[in-house]
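Enquirer: This structure is in structure tokens; I'll ask about it shortly.
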Amino acid sequence: MNDARQLFLPYVKPIWSKSPPNDFTVLWHAPQTERPQGTAVWLDQRQIHTHHHVRQGDAAHMARLVRRLTGHAVGLVLSGGAARGFAHLGVQRAFEELNIPIDYIGGTSMGAVIGATIILYETNAIMMSQAVNLADPRKLFDHTLPLTSLMSSRKVTHFTKQHFGNHHIEDQWIPFYCIASNLTTAKPVIYQRGPIWHAVRASLAIPGVFTPVIADGDVIVDGAVMDNFPVTTMADLCESGRIIGVNVSPYREKKRYYDFETNISGWRVFFSRLNPFAKSLRSPSLLGTIMRAVEINSVRRAKDEEALLDVMICPDVQQFKTTAYDQYEVIARVGYEAALTPLTTWKARRLCE
């Protein structure tokens, strides 16, 4: 494992911990290690509650370790929200400019995509350059006969494999998790190990849009079905009072007026958009309706989870449709502007403690 050495340290119990593990395992890596590899092989041979990677001589890594051991780790939770999730990129930019560390990241659906991108690419400039690919619907959507889903999902699977490569969750310097929903067992799935691409692909498997991920006969779909804003999971895993949440799923959607009440022909909508001399019929988009239906239960839960957050950031993204992928730069800027002031205030307050 890149000449890693195992260092066992006693666990420092935070005052808010419910059930601390017996040990906190630190995997110590040589200074030249670019990224850990093969952690799963080592973990499979042992009963490990928590592991943490540290590169020898790296001050930032040591500082992160100290924060985790003392219960001061900074956890970042990113909600789902389709194209609106590009606001997370702007929030990360604010973290970077204010020099606020990120010690643990968790997310659902689009939040999982951005969170995993952060742990791999780290700098906002690189992430924005990568967002160009994610913002191209031609690389994600491949319509098919809608018997299982609207998309055959070959493209979205290819994208996640290409974007995240062969990297595994357990090999990352920054701990990461993402949420999916198991329709077979009616339970959430928390991915903390395994290929990043597979975990993210499951987390964003919007029911009816993308095909589910099948695992040992279980049907796995988008995490938003059960937990679109996984704050409680972060509190349990990170065991810190310094959790920052970014929610891009509005509690209340902007009211719009449409040209029908109980029924409408899809052909009428289609041809009205083709005819330059006719007024286009106003109707909700299929993807937008599915997305809102998927996340609505979690939106109600999100308010209850705010109490676990040190900072709550809610970028005003109502003006953007969930399918507005081409507006990723503008959406990212909205996220940045929404995060700058609360993070500046939070940092000043925390530095005084």
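Enquirer: Name the residue that is nearest to Gln56 (Cα to Cα), counting only residues in segment 8-39 that are open to solvent by 80 Å² or more (accessible area, probe 1.4 Å), at pLDDT below 85 and of a type outside the set (Lys, Arg).
Expert: Here the residue is Phe8.
Enquirer: Report, by residue number, each residue of segment 234-264 that is over 28 Å from the mean Cα position of the chain (by Cα) and at pLDDT 65 or above.
Expert: Arg256, Thr262, Asn263, Ile264
Enquirer: Could you list, in sequence order, the residues of segment 127-141 that are under 18 Å from the mean Cα position of the chain (by Cα) and surrounded by 13 or more Cβ atoms within 10 Å (Cβ to Cβ)?
Expert: If the condition is that a residue be under 18 Å from the mean Cα position of the chain (by Cα) and surrounded by 13 or more Cβ atoms within 10 Å (Cβ to Cβ), then Met127, Met128, Gln130, Ala131, Leu134, Ala135, Leu140 are the ones that fit.
Enquirer: Taking only pairs six or more apart or across chains, which ones have beta-carbon atoms under 8 Å, a first residue in segment 303-326 that is free of Cβ contacts under 8 Å to residues at least 60 places away in the same chain and on the phi > 0 side of the Ramachandran plot, and a second residue that is open to solvent by less than 10 Å² (accessible area, probe 1.4 Å) and in a helix (DSSP H, G or I)?
Expert: Listed pairs, sorted by first residue: none to list.
Conditions tested, residue by residue: (1) more than 30 Å from Ile243 (Cβ to Cβ); (2) open to solvent by less than 50 Å² (accessible area, probe 1.4 Å); (3) basic (Lys, Arg).
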residue: Gly115; (1), (2), (3): no, yes, no
residue: Ala125; (1), (2), (3): no, no, no
residue: Leu150; (1), (2), (3): yes, yes, no
residue: Ile169; (1), (2), (3): no, yes, no
residue: Arg193; (1), (2), (3): no, no, yes
residue: Ile196; (1), (2), (3): no, yes, no
residue: Ala202; (1), (2), (3): no, yes, no
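Enquirer: Now, a different point. Kindly provide the set of residues from segment 149-174 that are in a helix (DSSP H, G or I) and not charged (D, E, K, R), ordered by number.
Expert: Listed by number, the residues that qualify are Val156, Thr157, His158, Phe159, Thr160, Gln162, His163, Phe164, Ile169.
Yes or no, residue by residue, for (1) modelled with pLDDT of 75 or more; (2) outside any helix (DSSP H, G or I); (3) of a type outside the set (Val, Ile, Thr); (4) touching a strand residue (DSSP E or B) at 6+ places or on another chain (Cβ under 7 Å):
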| residue | (1), (2), (3), (4) |
| --- | --- |
| Ser283 | no, yes, yes, no |
| Asn297 | no, no, yes, no |
| Glu306 | yes, no, yes, yes |
| Tyr328 | yes, no, yes, no |
| Ala348 | yes, no, yes, no |
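Enquirer: Can you confirm whether Ala307 is more than 23 Å from Arg242 (Cα to Cα) and surrounded by fewer than 17 Cβ atoms within 10 Å (Cβ to Cβ)?
Expert: no
Enquirer: I would also like to ask the following. Go through Thr144, Thr160 for me and flag whichever is farther than 21 Å from Thr39 by Cα, crowded, with 19+ Cβ neighbours inside 10 Å and not basic (Lys, Arg).
Expert: Just a single option satisfies the conditions, and that option is Thr160.
The values are calculated or read from the model by the stated rules, or taken from the named source; none is laboratory data. Because the structure is a prediction, the values reported are computed rather than measured. We place every Cβ from the backbone using ideal geometry, glycine too, and count neighbours over all the protein chains shown. Only protein heavy atoms, including side chains, enter the accessible area calculation; ligands, DNA and RNA are left aside. Shrake-Rupley method; radii C 1.70, N 1.55, O 1.52, S 1.80 Å.
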